[in-house]
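Each value in this text was obtained by applying a stated rule to the coordinates, not by laboratory testing. Source: prediction; values computed, not measured. Here the Cβ is made from the backbone with ideal geometry for all residues, glycine too, and neighbour counts use every protein chain on show.
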Amino acid sequence: MQTMKPFKFDWLVLPLIGVAVVLLLWQVSCATWAKDLPTPLKTWESSKPYLMEPFAKRGEMDQGILRFTWYSLILVAKGYFLALIIGTPIGFLLGLSKAFTKTFDPIIQVLRPVSPLAWLPLGLVLFMGAGKNASELGALFTIAICSMWPTVLNTAVGVRAIPQDYLNVAKVLKLSRTKTLFKVLIPASLPYMFTGFRLSLGIAWLVIVAAEMLTGRPGVGGFLWQEYNALIYEHIILCIITIGVVGFILDRLMSLVEKRFKTI
Amino acid sequence: MAYLELNNVSKDFGGTPVLKDINLSVEKGEFVAIVGFSGAGKTTLISLIAGLLKPSAGLLKLNDLEITEPGPDRGIVFQNYSLLPWLTVFENILLAVEAVNPNWTPEKRQEHVEKYIAMVNLTPARDKKPGELSGGMRQRVSVARALAMDPQILLLDEPLSALDALTRATLQDEISRIWSENRKTVVLITNDPDEGIYLADRIIPLTAGPNATLGPSFKVEIPRPRDRKSINHDAHFKQLRREIVEFMLGSKQDRHMAITKKLILPDIEPEDLSIPRTMTSWRKTPIRKHELKEESVEVKP
Ligand SMILES: Nc1ncnc2c1ncn2[C@@H]1O[C@H](COP(=O)(O)OP(=O)(O)OP(=O)(O)O)[C@@H](O)[C@H]1O
Ligand SMILES: [Mg+2]
C-alpha cells in the first residue's frame, strides 16, 4: 500500500501538471506575442458544438469531429492495408535475396525520404482519368507509398534475423517452400513485421492530413484546412488535438496487437 | 564399405582449420560415441554429417552416396534443441512426422506423435510452447522429434547435457533401449566419457582444437544390456575410462591453456528494510552492486 502514493502521483498528477503548464504557456502566448492565436477558453467555446455532437452532419464541411475522424480513418485504413499488402512481400524478398536487395535497395533508400506533399500531385496525375475518384485514389496512392517503408524495412530485417537454428530445422526436414514460409519464415519474423506495421500506421495517419488538405476531402485534415481559409483558427487547434489523440490511440492499439503476436 | 564414411574431412571457417583430416567409418547399426572438449569442433563435425555444412576438403558418404545436403534420413538432436518457439510440443514433433511421412493419415500421424511424447514423459506438456518448458524438457522434445522421424541414422549432439543426473540416466536408458530395439546407426556426441562408455559400441575421442582430429577408437566390450550400477565397478570400464581421459588430456599436452572465469560474489549483506522504497528503487534497480571478480586458472596436463 505504501507504493500507492507515488504510483498515483507519477501517473496521474504529473501528466496533469504537464497539461496545465502547456495551457499556461498557450494563454501567455495569446496575451503577448501571438495575438491571433485563440485562447484556450475561446478554443473550447468554439469547439463545443463539434465535440458535443461529434457525429452531427450539418453540411459537407460542417460535421462533428468524430464524423470527420471516421472519414479520415476509413481512408487511412484503405491506404494502410494497401501498404501492408505491397510492403510485406517486398520486405520478404529483400530479406531473402541478396541480389534483390542489391537491385532495389538504392531505389528504396532514395524514395523513402520523399515527403507526402511531393507524392500527392503525382498520385493525382496518375489517376486523373478516374474522374470523381481521382482524389481518393491519389490520396490512397500517397498514403500507401509513404507508409509502406517501415513495413518493408522491418520485414526485411526480421527475415534476415531469423536464427540459423530455425532454418536448419526446415532444411533437415526438407520442408517445401510454402511450408518453410508459413511454418518458419513468417512466424520467426512476425515480431519485426508488427513493429513495421505499427510504424507504418503512424506514418499513414500523418499522411492523411496532408492528403486531405490538398484534395479538400472531408475529414480532419480537410476540415482543418477549410477552417484556416475561413479564418476560424480555434478549429485548427481542435483538429490538431484530435489528430494527436487519434494517432496516440492507434499507436497504443497497434502495440497491443504487437505484443499479442510476440512469437519468440 | 561402411555405412557412414568420412575420408580426410577438413573444415575451416576461413582461418585455421577447426577439423583436420577426420577419418571415420561407422557400420550400419553401430552405436558410436565421440567425446571431445568444449569448442573442439564436435558440433561442426555433426553438422558436416548432417549436411548442414560443406567440408573444406575430403569426402563424406552415407550409404555410399556423397552427403551434399541435409535430409530427413538423418535425424538430428541439435545441441541447442532448435525447437520452433511458436509451435507447441505436439506441433513441433508433428511438423517432423509430416515431413517424413507425407502419406500417412492425420490420425496415424497424431498417434505416432503422441507415442513419442509419451516416451519422453511429456504428455502433460503436450500443448505447451518451448518457452514454457525447462531446458531439460526442451531437450526431451528434441530427442522425441528425432526419434519420431524414424531416421536411418541418428545424430545426437550432446542430447542430454542440460539434464539433471536422474533424468539424464533415465534418458540414457531410453536411448539404449530404443537402440537395442531398432538397431539404428547412432553417432552420439558427448563431453562425458562415462556416458559414451555406457551407451556406445565404440568411443572415439576428438582431440582439442584447432586442427582437431579423431583419435583411435576404443571398443567397449561390455555386454548388453549394461547395468548402470555394476558398470562402475567393471574393470574394463575403469580401464577404458582411464585410457580415454589420458588420451584426451595428452592431446592437450603441447597447448597451454588458461580458463578464465567471471565470478559473481554473492551478496551477504542484508538489505536495509528501513529505507523506504521509492519509485526508483521499485523499478528493480539493485541497491548494491554485486562484486565481480575474474579468476584465471592455468591448466597444465
Ligand atoms: N559458423 C562458424 N563460423 C566461424 N567459426 C565457427 C563457426 N562454427 C563454429 N566455429 C568455430 O569452430 C570451433 C568449434 O565449434 P563447435 O561448435 O563445433 O564446438 P563444440 O565442440 O561443439 O563445442 P561445445 O562442446 O561447446 O558445443 C569453435 O572455435 C568455433 O568458434
Ligand atoms: Mg557443440
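As a proxy for reagent exposure, B:SER56, B:SER82, A:SER189 were ordered by neighbouring Cβ count within 10 angstrom, fewest first; the result is B:SER56, B:SER82, A:SER189. Which entries in B:LYS61/B:LYS184; B:LYS20/B:LYS238; A:LYS262/B:LYS11; B:LYS61/B:LYS128; B:LYS108/B:LYS128 show an alpha-carbon gap greater than 28 Å? Going by Cα-Cα distance, B:LYS20/B:LYS238; A:LYS262/B:LYS11; B:LYS61/B:LYS128 fall outside the 28 Å limit.
Checking the a/c ratio against 1.5 first, then a/b against b/c, what shape does the Cα gyration tensor give for chain A?
oblate
Shown in residue order for region A:113-128 are the 3J(HN,Hα) couplings computed by the Karplus curve 6.51 cos²θ - 1.76 cosθ + 1.60 at θ = phi - 60°: x, 5, 6, x, 5, 7, 6, 4, x, 4, x, 5, 5, 4, 10, 4 Hz (x for Gly and Pro). Dividing the C-alpha radius of gyration of region B:177-231 by 2.2 N^0.38 Å, with N its residue count, gives 1.26. Looking at the protein assembly as shown, the DSSP beta bridges with both ends there are about 55 percent antiparallel. Assuming charge only on the beta carbon of Lys and Arg (+1) and of Asp and Glu (-1), the dipole of the protein assembly as shown about its Cα centre is about 500 debye to the nearest 20. Placing +1 on the Cβ of every Lys and Arg and -1 on the Cβ of every Asp and Glu, with no other charges, gives region B:4-254 a dipole of roughly 280 debye about its Cα centre. Along chain A, the exposed loop sites are trypsin sites (Lys or Arg not before Pro) outside DSSP states H, G, I, E and B with at most 12 other Cβ atoms within 10 Å, and the longest stretch free of them is A:36-261. Counting beta carbons within 10 Å around each of A:TYR192, A:TYR71 and listing the fewest first gives the order A:TYR71, A:TYR192. With N counted as the residues of region B:4-254, its alpha-carbon radius of gyration over 2.2 N^0.38 Å works out to 1.01. Panel order for B:PHE237, A:PHE182, by other beta carbons found within 10 Å of each beta carbon, from fewest to most: A:PHE182, B:PHE237. Using only side-chain charges placed at the Cβ, +1 for Lys and Arg and -1 for Asp and Glu, the dipole size of region B:68-159 relative to its Cα centre rounds to 220 debye. For the peptide B:76-89, the mean number of other protein chain Cβ atoms found within 10 angstrom of a residue's Cβ is 4.
The stretch between A:ASN133 and A:THR101 holds 8.0 nm of extra length on full extension. This uses 0.36 nm per residue minus the Cα-Cα distance. Normalised by residue number, the volume inside the convex hull of the Cα atoms of region B:126-250 is 130 Å³ per residue. What does a probe at B:ASP234 reach in region B:191-217, counting residues whose amide N is under 13 Å from the point 7 Å along Cα→Cβ? Residues passing the 13 Å test: B:194-203.
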